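First comes the structure, then the notes that go with it.
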Number of protein chains: 2
Amino acid sequence: MDNLDGHATRECLNAWPAPPHSVIATDPLYRRFRSVQAAFRRRAQALMHDCDCPQLLHGSANVLLQLSEQDGLTLTELARRCEIENSSLTALVDDLERSGLAVRERSANDRRHIHMVLTQKGREVAPRIRHVWQQIQQIAFASISAQDIERMQSVMQTIESNLNGG
Amino acid sequence: MDNLDGHATRECLNAWPAPPHSVIATDPLYRRFRSVQAAFRRRAQALMHDCDCPQLLHGSANVLLQLSEQDGLTLTELARRCEIENSSLTALVDDLERSGLAVRERSANDRRHIHMVLTQKGREVAPRIRHVWQQIQQIAFASISAQDIERMQSVMQTIESNLNGG
DNA sequence: TATTGTTATACTCTATAACTATA
DNA sequence: TATAGTTATAGAGTATAACAATA
């Protein structure tokens, strides 16, 4: 076990070694993507709470905003616009129904289709949610130029495309 | 149910409406953070497979690289360097042990400490993992200038700090 | 009492596969 | 057979809280 004590000693002598370049160049970047998203989500939840909005998943709020643009979309069309799978949408729509913001209405013409229709409450809440999202933008992008934000989005898109082999 | 058919008709007449500015400005950006990270992970897994590396979680690979910089770190020190909680580290360390790349060794001096020690296999594999991560960088950042990458990282850091109220 | 580490649990976001109901 | 939607399940990454062992 002497070597283990040796390790412990090295730790003490050199507690903060510089990480190798390959590590600092990849892992923190990789992890930053998640932590930024988490920061967006946490701040949005705090703001929604402050604004007396129902506590929605970020995805549900997005569905709500889609519906406030065009009410009565079918689930499949909503999933397409939100760029998620049908099965992923189910929980978000459940969330909206549970919060009383929208209801499923089965189509009379083709009973396979379900239209999502905003309730009165949903129509009232949607602008507040939209406002919260706008606030988040203002907070998040404070002191960052529009050009830098666009550049970042474009770089991220290129990275994703590079990694997906395109 | 006539209104539902009305919705269906509007869909047909105007199937691809432009989303409102507030939506395009936030949600796709929010979601991009996750999708880029997923792209990194998927590509890394594919490359690790091609290079005959053990299939490790990204986090486990990161722990392995930390150990290849300094062997025998305690779990708490490893968690600190990886910027995760102790409890989150457990699964990653289990992963490394399961793959035979490192072993837990309890310290004789202070039996509360556990040192992670690379095995022979771990020392052989670490450089290959590092190489894979370097390849990923090359793939991900192809045709993107170093300046743009640094700028993106810095912008992301600012966004996170803004959102966290700093 | 304080520290190290583990376990149990939960949460967010997402996907795939198998299923039901309808056309 | 094809489409719309649901359910069941998984997986990645993370956290909190309660716990055991040790100091």
Query raised in the report: Is the stretch B:145-154 home to any residue that is among the aliphatic types (A, V, I, L, M), surrounded by 12 or more Cβ atoms within 10 Å (Cβ to Cβ), within 19 Å of residue B:40 (Cβ to Cβ) and away from DNA strand C (no atom under 11 Å from the Cβ)?
Result: yes
Query raised in the report: In the stretch A:51-74, is there at least one residue being more than 15 Å from the chain's Cα centre (by Cα), surrounded by 21 or more Cβ atoms within 10 Å (Cβ to Cβ), more than 8 Å from chain B (Cβ to nearest Cβ) and at pLDDT below 95?
Result: yes
Report task. Could you figure out which of (1) part of a helix (DSSP H, G or I); (2) modelled with pLDDT of 95 or more isn't true of residue B:27? Result -> (2)
Report task. Could you grab the pairs with beta carbons closer than 8 Å, sequence gap of 6+ or different chains, first residue in the stretch B:101-120 and among the small types (Gly, Ala, Ser), second one within 8 Å of DNA strand C (Cβ to nearest atom)? Result -> B:102/B:93; B:107/B:74; B:107/B:113; B:107/B:114; B:107/B:115
Report task. Test residue B:107 against the stated conditions and say whether it is surrounded by 15 or more Cβ atoms within 10 Å (Cβ to Cβ), among the small types (Gly, Ala, Ser) and on the phi < 0 side of the Ramachandran plot. Result -> yes
Query raised in the report: Does residue A:97 satisfy the condition of being more than 13 Å from DNA strand C (Cβ to nearest atom), surrounded by fewer than 18 Cβ atoms within 10 Å (Cβ to Cβ) and closer than 14 Å to residue A:55 by Cα?
Result: yes
Report task. Quick one: count up the residues across the stretch B:75-87 that are of a type in the set (Ser, Thr, Tyr) and within 12 Å of chain A (Cβ to nearest Cβ). Result -> 1
**Report entry** Residue among B:123, B:80, B:128 that is within 16 Å of DNA strand C (Cβ to nearest atom), over 22 Å from residue A:148 (Cα atoms) and of a type in the set (D, E, K, R)
**Finding:** B:80
**Report entry** Among (1) more than 7 Å from chain A (Cβ to nearest Cβ); (2) under 30 Å from residue B:160 (Cβ atoms), the one test that residue B:120 misses
**Finding:** (2)
Query raised in the report: Can you tell me which residues in the stretch A:81-94 are surrounded by 15 or more Cβ atoms within 10 Å (Cβ to Cβ) and more than 19 Å from residue A:123 (Cβ to Cβ)?
Result: A:82, A:84, A:89
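The values are calculated or read from the model by the stated rules, or taken from the named source; none is laboratory data. Bear in mind that the values here come from a model prediction, so they are computed numbers and not experimental data. Note: ideal-geometry Cβ built from the backbone for every residue, glycine included; neighbour counts use all protein chains shown.
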